[in-house]
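This report concerns only the one structure given below.
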């Protein structure tokens, strides 16, 4: 199993940070490999993920929010798809928000368990250097929160900060 965790202090209120993360649909704004996360109504806790894979492929899965403490923590994990198929990439994540008054400590933790064989090799390349990806994503999030950028601004004005 692979794991990547990063903690960063952000000069923004915890509730604002939580509100941005809660639907999970904004993740493509800070994680370049994540091409889409869409809500799956009628269940407010279910999402469908699309991630750029190796050689132009797309890897998809469904996830469910398994823990939700308003303003404090969100955790999710992959689940079998609604159409009965099993998840391609068993994975999950959590984001914790530590309210420090005028700033918020944000910790992102992702874990994944790639399958064996050729599928495992493809997934391994997809999750290549997950620590660096989490660090860069959290830096992007920090920049957005501290500079008052909203979702529509991010694609127009935000540039990847490069290696963390």
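Read-outs throughout are calculated quantities, based only on the coordinates presented, and are distinct from any laboratory measurement. Owing to the predicted nature of the structure, the values given are computational and were not obtained by experimental measurement. Please note: Cβ atoms are built from the backbone with ideal geometry, for glycine as well, and neighbour counts cover all protein chains shown.
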### Query
Which order do peptides 62-74, 22-34, 134-146 fall in by mean Cβ count within 10 Å, highest first?
134-146, 22-34, 62-74
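Give, in nm to one decimal, the length gained when the segment between residue 35 and residue 66 is fully stretched (0.36 nm per residue of separation minus the Cα-Cα distance). Each step should come with its number before you reach the end.
Working: separation 31, 0.36 × 31 = 11.16 nm, distance 2.23 nm.
Separation in residues times 0.36 nm, less the Cα-Cα distance, equals 8.9 nm.
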## Note on the structure
Simple SL model, points at 7 angstrom along Cα→Cβ for residue 107 and residue 132; separation in nm is 2.5
### Message
Using a 10 Å cut-off around each Cβ, can you sort 18, 7 from fewest to most neighbouring Cβ atoms?
### Response
7, 18
### Task
Please work out the FRET efficiency for the pair residue 57 and residue 19, using the Cβ-Cβ distance as r and a Förster radius of 35 Å; give the result to the nearest 0.05.
0.60
### Task
With label points built 7 Å along Cα→Cβ from the Cα atoms of residue 100 and residue 77, find their separation and express it in nm.
3.1
